[in-house]
1. Consider ASP60 carefully, then state whether it is out of contact with any helix residue (DSSP H, G or I) (no Cβ under 8 Å at 6 or more places or on another chain) and either open to solvent by 40 Å² or more (accessible area, probe 1.4 Å) or more than 11 Å from ILE3 (Cβ to Cβ) (or both).
2. Only one of (1) modelled with pLDDT of 75 or more; (2) under 21 Å from MET1 (Cβ atoms) fails for SER119. Which number is that?
3. Going through region 53-83 one residue at a time, which ones are of a type in the set (Lys, Arg) and closer than 20 Å to PHE8 by Cα?
4. Among the residues of region 26-52, what is the count of those that are more than 24 Å from LEU13 (Cα to Cα) and either outside any helix (DSSP H, G or I) or open to solvent by less than 60 Å² (accessible area, probe 1.4 Å) (or both)?
5. For LYS98, are the conditions met, namely being open to solvent by 60 Å² or more (accessible area, probe 1.4 Å) and at pLDDT 90 or above?
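The values are calculated or read from the model by the stated rules, or taken from the named source; none is laboratory data. Keep in mind that what you see is a predicted model, and the values were worked out from it rather than measured. Reconstructed Cβ throughout: ideal geometry from the backbone, glycine too, with neighbour counts over all protein chains shown. With ligands, DNA and RNA removed, areas are computed over all heavy atoms of the protein, side chains included. Shrake-Rupley method; radii C 1.70, N 1.55, O 1.52, S 1.80 Å.
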Amino acid sequence: MVIHNAAFDLAFLDSELARLRLPPMGKRDFTVEDSLALARKQYPGKRNSLDALCDRMGVDNRQRNLHGALLDARLLADVYLAMTRGQGSLEIALPDIKFPNFSFENILIRGETQTHIFSVDVSDEDRAIHEKVTAGVANQSGVSHDW
């Protein structure tokens with residue numbers, strides 16, 4: 001999970017999770033990458049707000065009149081990719097692929113269906129190729145990940 005100023009957001013999320021009597025973010029099975037810490041390392045002494053990074057990375061943030069989680073997440077994704085791989089966008093042109101082995105699983109939050117997860121069964125060979133590619137991305141970016 002990539003978070004800009006992770007300490008702030010994680011404290012907020014942990015507070016909300018505690019109110020729901022759920023485990024804190026640190027007890028979950030994923031790692032957190034703090035894009036603010038990464039930006040401070042790459043650009044010491046410079047402004048490293050999300051807006052400043054958008055300007056520096058050439059990410060269009062003209063729609064960002066107010067702070068909004070969804071737009072900020074999209075901007076952060078583009079900024080993070082630019083900081084770690086020089087890639088300017090999350091958009092990737094994909095061919096029209098049919099997945100014969102897929103299923104939709106409902107996510108239930110407080111008894112209400114919120115969204116769907118698209119899952120695809122992959123072969124061990126495809127999984128090994130994926131792990132090799134993602135390890136290469138981590139190596140190129142200089143960001144350590146535990147995949």
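1. Numbers: out of contact with any helix residue (DSSP H, G or I) (no Cβ under 8 Å at 6 or more places or on another chain): no; either open to solvent by 40 Å² or more (accessible area, probe 1.4 Å) or more than 11 Å from ILE3 (Cβ to Cβ) (or both): yes.
So ASP60 does not fit the description; no.
2. Of everything listed in (1) modelled with pLDDT of 75 or more; (2) under 21 Å from MET1 (Cβ atoms), SER119 misses just condition (1).
3. Answer for region 53-83, where residues must be of a type in the set (Lys, Arg) and closer than 20 Å to PHE8 by Cα: just ARG74.
4. Matching residues across region 26-52 total 6.
5. Working: open to solvent by 60 Å² or more (accessible area, probe 1.4 Å): yes; at pLDDT 90 or above: no.
Considered against the rule, which asks whether it is open to solvent by 60 Å² or more (accessible area, probe 1.4 Å) and at pLDDT 90 or above, LYS98 comes out as no.
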